[in-house]
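One structure is given below, encoded as structure tokens.
The values are calculated or read from the model by the stated rules, or taken from the named source; none is laboratory data. Since we're looking at a predicted model, the values are computed, not measured. Using ideal geometry, Cβ is built from the backbone for each residue, glycine included, and neighbour counts are taken over all protein chains shown. Accessible surface areas use protein heavy atoms only, side chains included; no ligands, DNA or RNA. Shrake-Rupley method; radii C 1.70, N 1.55, O 1.52, S 1.80 Å.
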Amino acid sequence: CSSDLFKQPHHADYMIYKPVREYDSPEQQYRLIGDMHTADWWWRMQEALPEGSFLMPVFLGSDETFQTNYSGDKNIWPLHVSVGNIPTKFRNTLVHAAWRLLALLPIRPKRAAKTKAEIDAEKTSAL
């Protein structure tokens, strides 16, 4: 899934492969830290990699999604993946399609509250 994001030609113009240090002025008095590739963490990780390699931070995201009214009010948790090599301003906009569906996690149906006696009976029946 993540390799697909690197193959997309429309991501090529803004894909990040190495860290940068940004400053507020040419005098470099104040360092600006915004996206991941401008922070010290990326620099430390990049230095640990072999020459010619690049870092690929992976993001996972999920949120409960209502599926249907017609089969018992089912919900799912879609699990999406993206990479930190795509700057936030592009990754978090729908038109750039920077997230890929990784999995659909089903949600068990809600059960009615049980009494203590029912819970105890379930525990003993499992033995």
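Per-residue answers, yes or no, for (1) at negative phi; (2) assigned to a helix (DSSP H, G or I); (3) loosely packed, with under 11 Cβ neighbours inside 10 Å; (4) at pLDDT below 80:
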| site | (1), (2), (3), (4) |
| --- | --- |
| 52 | no, no, yes, no |
| 77 | yes, no, no, no |
| 85 | yes, no, no, no |
| 98 | yes, no, no, no |
| 108 | yes, no, yes, yes |
Residue check: is residue 29 modelled with pLDDT of 85 or more, among the polar types (S, T, N, Q), open to solvent by 60 Å² or more (accessible area, probe 1.4 Å) and over 30 Å from residue 107 (Cα atoms)?
yes
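Among the listed residues 4, 35, identify the single one that is touching a residue at least 60 places away in the same chain (Cβ under 8 Å), open to solvent by less than 70 Å² (accessible area, probe 1.4 Å) and not small (Gly, Ala, Ser). Quick ask: steps written out before the conclusion?
Details: 35 fails: touching a residue at least 60 places away in the same chain (Cβ under 8 Å).
After applying the criteria, what remains is 4.
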Those residues of region 13-26 which are in contact with a helix residue (DSSP H, G or I) (Cβ under 7 Å, 6 or more places away or on another chain), open to solvent by 60 Å² or more (accessible area, probe 1.4 Å) and under 13 Å from residue 84 (Cβ atoms) amount to 18
Consider region 56-75. How many of its residues are at pLDDT below 80, in a strand (DSSP E or B) and open to solvent by less than 90 Å² (accessible area, probe 1.4 Å)?
3
